[in-house]
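Take a look at the structure below.
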Amino acid sequence: MTKKSLTYQDSGVNIHEGYKEVQIIKKLAKETYSPSVLNGLGSFAGMFKLPKGLKDPVLISGTDGVGTKIAIACAKRKYDTVGIDCVAMCVNDVLCHGAQPLFFLDYIACGKLDAHVAADLVKGVANGCKQSYSALLGGETAEMPGFYKVGDYDLAGFSVGVAERNKIIDGKTIKVGDALVGITSSGCHSNGFSLIRKVFTNLDEKFDGQPIWKTLLTPTKIYVKPVLNLMKQVKVKGMSHITGGGFIENSPRMFAKDGLQIVINKNSYPLPKIFKLINERGVDLNHMYNTFNMGIGFIICIAKKDVKKTLAILKSNGEKAYEIGYVAKGKEQVRLI
């Protein structure tokens, strides 16, 4: 009797489901292409030519994932928005140095691949790419039975942007007295969800007239278009993307030298209700400012004289923004007042 040979599918990996996924997402990726994309999905690597007219271009890259926010997406079988979070976490970071995003690549890992679930994840990624001038240049899907449970998915990616060397924003011109303008977040964005999932164990509890999971899955705001428009009209000295670590960890990352201090006025803007609820459920407010964005997703440092103009430009680009603080001298990098 001939012994049956083992196949990849016997180990839990269905390569045909992977082929199906690629065919589904090719159209999604193509919708993000610009003339700079030189090939399509299916090659071993993506090809992208730099835009013309750059004199001394510098490539600026960033990588990140969705974190455990994706656990809520998996629990509620709502997969088509967390891809926006994945793109946002990366492109907002490269934006902090004045770079315009060029292209994005994603990575999906799972225990058992469902091509339609993976396509929904990529649908969100493609949406985020459209919001940030990025071409979805490629990606990878890894089916890893025995490592991930069936139904588990993870999502990460990276962005590559470009800036003229002499226009890179590095914080070197920031000085005492400069103003800080904060652009509002869309909610919790994609940080602190290991804590959030302990606070909200019933994802179907009502909040603002809907199950709270819908609020928690609100995608991270992508700041690329309004901030790039602002940079054309105002001298921006520094920028910070407020992610995991909140104000305390992220706001001073715009500094290029020691001895400067970020001063944030907590009462300068309205605190969103979701953060008030998290506080009411037992999370210390000081800890929250070191964990969440607390309603401000992006901070811009400018000269005090440019505040009014900056707020007007951001408003004209559909953003709510506030003067939330200033730069002072001090050993402690962040002070909340």
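The values are calculated or read from the model by the stated rules, or taken from the named source; none is laboratory data. Predicted model, so just to flag it, every value in this text is computed and none were measured. Note that we place each Cβ from the backbone using ideal geometry, even for glycine, and neighbour counts take in every protein chain shown. Note: accessible area is taken over every heavy atom of the protein model, side chains too, but ligands, DNA and RNA are not part of it. Shrake-Rupley method; radii C 1.70, N 1.55, O 1.52, S 1.80 Å.
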- Query: Just checking, which of K30, K76, K52, K26 is within 25 Å of M231 (Cα to Cα) and open to solvent by 30 Å² or more (accessible area, probe 1.4 Å)?
  - Reply: K52
- Message: I need the full set of residues from the range 106-130 which are within 20 Å of K69 (Cβ to Cβ) and either open to solvent by 40 Å² or more (accessible area, probe 1.4 Å) or of a type in the set (K, R) (or both), in order please.
- Response: Y107, D114, D120, K123, N127
- Reported set for the range 131-153 where residues are under 30 Å from K49 (Cβ atoms) and crowded, with 16+ Cβ neighbours inside 10 Å is Q131, S132, Y133, S134, A135, L136, L137, G138, G139, T141
- Task: Scan the range 289-304 residue by residue and report those that are surrounded by fewer than 22 Cβ atoms within 10 Å (Cβ to Cβ) and aliphatic (A, V, I, L, M).
- Result: A303
- Being touching a Lys or Arg at 6+ places or on another chain (Cβ under 8 Å) and more than 15 Å from F247 (Cα to Cα) is the filter here, so list the residues in the range 289-313 that pass it. I302, A303, D306
- Residues of the range 199-231 classified as farther than 13 Å from L277 by Cα and assigned to a helix (DSSP H, G or I), total: 10
- Query: On the given criteria, is N286 under 12 Å from G246 (Cβ atoms) and surrounded by fewer than 13 Cβ atoms within 10 Å (Cβ to Cβ)?
  - Reply: yes
- Scan of the range 176-221 for residues that are in contact with a Lys or Arg (Cβ under 8 Å, 6 or more places away or on another chain) and loosely packed, with under 14 Cβ neighbours inside 10 Å, ordered by number: V176, G177, D208
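Could you say whether any residue in the range 162-173 is in contact with a strand residue (DSSP E or B) (Cβ under 7 Å, 6 or more places away or on another chain), assigned to a helix (DSSP H, G or I) and open to solvent by 10 Å² or more (accessible area, probe 1.4 Å)?
There is at least one residue in the range 162-173 that is in contact with a strand residue (DSSP E or B) (Cβ under 7 Å, 6 or more places away or on another chain), assigned to a helix (DSSP H, G or I) and open to solvent by 10 Å² or more (accessible area, probe 1.4 Å).
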- Among residues of the range 232-256, those that are under 24 Å from K309 (Cβ atoms) and open to solvent by less than 50 Å² (accessible area, probe 1.4 Å), counted: 11
- State which residue pairs qualify: first residue part of a loop (DSSP other than H, G, I, E, B) and inside the range 33-54, second residue of a type in the set (A, V, I, L, M, F, W, C) and open to solvent by less than 70 Å² (accessible area, probe 1.4 Å) in any location, beta carbons under 6 Å apart, and separation of 6 or more residues or different chains. Y33/A135; S34/A135; S36/F48; G46/L137
